[in-house]
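The values are calculated or read from the model by the stated rules, or taken from the named source; none is laboratory data. The structure presented is a predicted model; accordingly, all values stated were derived computationally and were not measured. Reconstructed Cβ throughout: ideal geometry from the backbone, glycine too, with neighbour counts over all protein chains shown.
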Amino acid sequence: MPSRLLEKKTGSTTDLQENLRRLDRLANLGLVAASAAHEIKNGLVAVSTFVELAAQKSDEPEMAELVRRELRRINGLVTQMLRFAAPKPATFAPVLVHELLDHSLRLLEHQMNGQMITLKRDFAATPDTVQGDESQMQQAFMNLLLNAVEAIGNHGELAVTTQSATDLQGRRRLLLHIHDSGPGITAEDLPHLFEPFFTTKQNGTGLGLAISRRVVEEHRGTIEIQSAVGSGTTFTLSLPAE
Ligand SMILES: Nc1ncnc2c1ncn2[C@@H]1O[C@H](COP(=O)(O)OP(=O)(O)OP(=O)(O)O)[C@@H](O)[C@H]1O
Ligand SMILES: [Mg+2]
């Protein structure tokens, strides 16, 4: 991890040291943080259910939405903490990528409807099985999909497509493209996207992509970005297919 931080071309030594300190602190939180995060997550399920019911009856929709948003944010943060502070060893088994994508998209359906985002879904990979850790893969997918939804804001298009391919050695790969019609990424930001704590969002942790890349690499995959300001962003994952 530190080597990636050292690659950073801009930013002062103090920034770097501060980043490293933050990383250290995070690593030291270790199991304690992970188990605390786990408990918080479990508690949040009950809180969210109650809030949802109360919100439906509430005559203060703005307040209800605010609370919902904060709960989502806390839940996201805790999920990231769990993953980062104490990554569980991956357990590999056959994963049906299309099913997992559909599941992830269902979790975002409500948010996408609210933001009037059109989903284009084209799952063409056959077979769509990869050897992987389903929950880690879901986390990586969710991070990418959430980023896309956040980038689009209101009105726009999210395209999720898969296809089969063969690499130079003749091995089968599954390609997953996640394209959003958001504002795109500046050339200045692009090299820093996968650095832990790099965020341009007010409430972002900047861990989403760092985690996603780690997960993808643990699966012997690659992750690439194509983006330009004004023409949206495409993340492409390539994973070894069965
Ligand atoms: N699809 C996208 N379109 C535009 N910018 C993006 C996109 N995905 C990522 N980014 C940029 O990369 C940064 C880092 O993303 P990352 O997911 O690691 O952190 P985050 O989304 O800011 O916070 P977190 O995921 O922890 O809530 C974002 O803040 C944003 O600037
Ligand atoms: Mg993110």
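In table form, for the structure just shown:
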item	result
Out of Met63, Met81, Met142, sole residue that is closer than 20 Å to Phe235 by Cα and surrounded by 11 or more Cβ atoms within 10 Å (Cβ to Cβ)	Met142
So Phe198, is it within 23 Å of Ser135 (Cα to Cα) and within 12 Å of ligand 1 (Cβ to nearest atom)	no
Residues of segment 186-242 classified as surrounded by 16 or more Cβ atoms within 10 Å (Cβ to Cβ), in a loop (DSSP other than H, G, I, E, B), at pLDDT below 95 and more than 15 Å from the chain's Cα centre (by Cα), total	1
Wholly within segment 1-103, helices (runs of 4 or more DSSP H) carrying at least 3 residues that are modelled with pLDDT of 80 or more and touching a Ser or Thr at 6+ places or on another chain (Cβ under 7 Å)	61-85
Tabulated pairs, segment 163-178, first more than 17 Å from Phe141 (Cα to Cα) and in the same structural domain as Arg121 (by TED's automatic domain parsing), second within 16 Å of ligand 1 (Cβ to nearest atom) and in a loop (DSSP other than H, G, I, E, B), C-beta under 8 angstrom, 6+ apart or interchain	none
Any hit, segment 127-144, residues being more than 9 Å from ligand 1 (Cβ to nearest atom), over 17 Å from Glu217 (Cα atoms) and assigned to a loop (DSSP other than H, G, I, E, B)	yes
